[in-house]
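To start, the structure under review is shown below, and the notes come after it.
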Amino acid sequence: MPTPDEHENKEAFLKRVREALGRSEPILHTPDHASLKTTPPRQEEKVRTIQAKVEARRPQLIARLAEIAGAASWNVHRVNTVEGAAATVAEIAGRANAKSIVRSAEEVFSRVDVDGALRRRGLSWTVLASGGRRRRSDLKRLAFASDLGITGVTFAIAETGSCVITPRRGVARLTSLAPATLVLIVEAEQVLESLDDFFAITRLGYQRDRGRSPSYFNFISGPSRTADIEQTLTIGVHGPGEVHMVLVGQ
Amino acid sequence: MAEVKTAEFKQASGRAIRNPGIQHALDHVMSHFTEARAAVIEADYGDESWESMRTRAAALKSHTIERLDYYLDLVDKNVRRNGGHVYFADDAAHANRIVLEIAERAGVKRVIKSKSMVSEEMGINPALEGAGIEPVETDLGEYIIQLAGETPFHIIAPAMHKTRQEVSDLFQDWLKTAPTDDIKRLCVIARDALREKFEAADMGISGANFVVAETGTVVLVTNEGNGRMTTSVPRVHVAISGMEKILPAMEDLPLFLRLLPRSATGQRITSYNTFVGGPRAASDEDGPEEFHLILVDNGRLNLLKDEVLREALNCIRCGACLNHCPVYRKIGGHAYGWVYSGPIGAVVTPPMTNTKIARDLPFASTLCGACRDVCPVKIDLPRLLLHLRQRVAEGDGVDGPANGWSERAFARRWYNAVKTRKALESSTRLARMLQRPIVRRGVIRKLPLPLVAGWTKDRDFPALAPKPFRQRWREGLGGD
């Protein structure tokens, strides 16, 4: 449902821009810019190289991720097994004294039995996803009322200590945003070395099947912070002020 | 539209220099930025040097700006393919009208905003209020200055001139909270107050740090989480971007995501980077049902038209040039009289608003070059300032010469007096004779002529040496 004047001004606007640049004709061919022109087969090759690299260097990358994330005020918990991961998540939830816990339906929960570990500690939780009797419109209220959120990630980036969150069915945006405490579960295979790795992979996703590529994703690279009052660093404004990264495997 | 007060630059700078609160903030707060930046650009970011990243970024931005029509078209096509709407706004009033139309059609009553400098240009808050819609700034600094009824003091730290006591007073007045001098507590007060606003909002308005043409993705670089709230909770998301914020491709992002936070706050990366490609997918659990992107000109065309000033459109709005500018560090952001301050403000404000009334801005620089040295996209700000000085002096086809007749007459005479060696020798001979009665111990403390007396109001004028160098040279450089 375009609004009345959508595009009405486009051609005139672009013409003025073109004239300001001293050109009379539009550019018809893709400009000679490498990151724009890489073809799908080349991009695939690039991504294969990245995958081989991260596989070969996994222990170093995980150590680097833990180091950088720690320096950026993440609480990093390294565990070797999925059982250990579940127990660690439940322990964090217990210690945080959370009254209301939400988790996503990320696929990691099929491997890491967080529910069982929470249950053993006598903690209850809500899966923040629609379906059954729960409607989408309930999610916002539930998320804002919760004080601890647990979810998985799609990637982690060692260079910046970042976790990539990709909201979709079963993964509400608010799970990792509204609660004051956030627990993210990162599996060893998800760790990339650099921002370059991540964007090369993401671009390939767009090239292969644009329709199914996520339209929205986030990097979370530490606790919510501000220095807006007297340039004094303060943790926890609108997003989670306490962030835990449970790193599984080596 | 934001009020333009550039004509009062001199008086406003004077007021800022005499204001102890502002001087305290500038003296004590700015160093946080410069020190953090210095520490982090030394840190490792892979195999590439800081210098090489800057060079690459400058070339990439210039590549994009030179082909801006192509890339704008690509953004438009891709955002629409993702199910979003795209608008091209000529000026502030046009952009406001578009926002109000979107709001009206969607039945919007409450708006939350995350930081956007373009929306400051537009003066969108009064426009929304005029339509009976409540806009709430959610970046903590922006929220504080919204309560105070002020404009941003600094591009990335809008409320840096406010002390914790002033913030506490504002919260006491507006939110009826108890006074406190605990900054953590002040943040909690703001968090609680804004939570309600987030939950109730119908529309979120954000800026855009980058817009990726190849995928139609708006990128937000934030620390507090309000950017994520703005793009997640309300049912309508409107992103407003200056038309120059475009990057060609996804894989251009790593470079800029390294340069921006390091230059701005001295961080390796900010707490959040949000990538928005359109409205939520049908199967998503939450997120806005509508996504609108407004690409704004509002005077940028005047920069684009000028082959020298065009370079200013490479700016990624990090604020490093402000933090390192000896003039900004003395007068702060408000004196510049419009939305942008510091060296980049002095460059973009005259062409974007009016060269004539902003004529003092290009002169608000010592041309020391610190801004150029720290700029992540290597904008040669001193060169652009000199170019603008020339435009101001000569008139530029947009506005006539801003200098008065007396200044022009003086410049003409000066030129005649120094243009040849002979002219120079005879004019210095004359000056040496004329200065004799007013020189005391080698300096002139007060110039007696009415037109030039202002020059010696706050400084001494070094007198001409009794014997010129050329003569001493001929005499074998003996004493004078």
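Miscellaneous remarks
- Cβ separations smaller than 6 Å between residues 6+ apart or across chains give no pair from region A:71-84 residues that are under 18 Å from residue A:180 (Cβ atoms) to residues that are at pLDDT below 95.
- Output for region A:41-80, where each listed residue is within 19 Å of residue A:199 (Cβ to Cβ), under 21 Å from the mean Cα position of the chain (by Cα) and of a type in the set (S, T, N, Q): A:51
- Within region A:214-248, being buried (at least 19 other Cβ atoms within 10 Å of the Cβ) and either more than 30 Å from residue B:139 (Cα to Cα) or β-branched (Val, Ile, Thr) (or both) holds for A:220, A:226, A:229, A:234, A:237, A:243, A:246, A:247, A:248.
- Complete set of residues in region B:105-150 that are among the acidic types (Asp, Glu) and outside any strand (DSSP E or B): B:120, B:121, B:129, B:139, B:142, B:150
- Within region A:74-126, the residues that satisfy the criterion of being under 10 Å from residue A:148 (Cβ atoms) and among the polar types (S, T, N, Q) are A:97, A:100.
- Residue list for region B:48-86, restricted to those being away from chain A (no Cβ under 11 Å), over 23 Å from residue A:25 (Cβ atoms), of a type in the set (S, T, N, Q) and in contact (Cβ under 8 Å) with a residue 60 or more places away in the chain: B:55
- Subset of region B:47-63 (residues that are buried (at least 23 other Cβ atoms within 10 Å of the Cβ) and closer than 17 Å to residue B:303 by Cβ): B:61
- Unmet requirement for residue B:229, which otherwise passes all of (1) surrounded by fewer than 24 Cβ atoms within 10 Å (Cβ to Cβ); (2) in contact with a Gly (Cβ under 9 Å, 6 or more places away or on another chain): (1)
- Qualifying residue in region B:290-298 (condition: of a type in the set (Asp, Glu), in contact with a Pro (Cβ under 9 Å, 6 or more places away or on another chain) and modelled with pLDDT of 95 or more): yes
- Residue match in region A:133-153 (condition: under 11 Å from the mean Cα position of the chain (by Cα) and aliphatic (A, V, I, L, M)): yes
- When residue B:215 is tested against the conditions (1) among the β-branched types (Val, Ile, Thr); (2) crowded, with 21+ Cβ neighbours inside 10 Å; (3) more than 7 Å from chain A (Cβ to nearest Cβ); (4) farther than 17 Å from residue A:233 by Cα, the lone failure is (3).
- Listed by first and then second residue, the pairs with beta-carbon distance under 7 Å, at least 6 apart or on different chains, first residue in region B:231-245 and farther than 15 Å from residue B:221 by Cβ and in the same structural domain as residue B:72 (by TED's automatic domain parsing), second of a type in the set (Phe, Trp, Tyr) and in a strand (DSSP E or B), are B:237/B:291.
- Filter pass, residue B:247 being surrounded by fewer than 24 Cβ atoms within 10 Å (Cβ to Cβ) and more than 7 Å from chain A (Cβ to nearest Cβ): no
- Any hit, region A:86-99, residues being assigned to a helix (DSSP H, G or I), closer than 18 Å to residue A:250 by Cβ and of a type outside the set (Val, Ile, Thr): yes
- Checklist (1) under 23 Å from the mean Cα position of the chain (by Cα); (2) at the interface with chain A (Cβ under 7 Å from one of its Cβ atoms) applied to residue B:241, failing item: (2)
- For region B:395-407, the criterion of being part of a helix (DSSP H, G or I) and either under 30 Å from residue B:312 (Cα atoms) or among the small types (Gly, Ala, Ser) (or both) is satisfied by at least one residue.
- Condition met for residue B:13 (of a type in the set (Ser, Thr, Tyr), more than 25 Å from residue B:118 (Cβ to Cβ), surrounded by 16 or more Cβ atoms within 10 Å (Cβ to Cβ) and away from chain A (no Cβ under 14 Å)): yes
- One residue alone among A:27, A:50 is farther than 30 Å from residue A:122 by Cα, among the β-branched types (Val, Ile, Thr) and within 11 Å of another protein chain (Cβ to nearest Cβ), and that residue is A:27.
- Given (1) touching a strand residue (DSSP E or B) at 6+ places or on another chain (Cβ under 7 Å); (2) modelled with pLDDT of 95 or more, index of the condition residue A:214 fails: (2)
- Restricting attention to region A:183-226, the residues being part of a loop (DSSP other than H, G, I, E, B) and either more than 7 Å from every other protein chain (Cβ to nearest Cβ) or of a type in the set (Asp, Glu) (or both) number 4.
- Options B:166, B:142; residue that is within 12 Å of chain A (Cβ to nearest Cβ), of a type in the set (Asp, Glu) and buried (at least 17 other Cβ atoms within 10 Å of the Cβ): B:142
- Taking region B:279-344 as the region of interest, the helices (runs of 4 or more DSSP H) fully inside it that hold 1 or more residues being surrounded by fewer than 22 Cβ atoms within 10 Å (Cβ to Cβ) and not basic (Lys, Arg) are B:300-305.
- Scanning region B:1-38 for residues that are of a type in the set (Lys, Arg) and part of a helix (DSSP H, G or I) yields B:10, B:15, B:18, B:37.
The values are calculated or read from the model by the stated rules, or taken from the named source; none is laboratory data. Remember, it's a predicted structure, so these values are computed and weren't measured experimentally. Every residue, glycine as well, gets a Cβ built from its backbone with ideal geometry; the counts of neighbours run over all protein chains shown.
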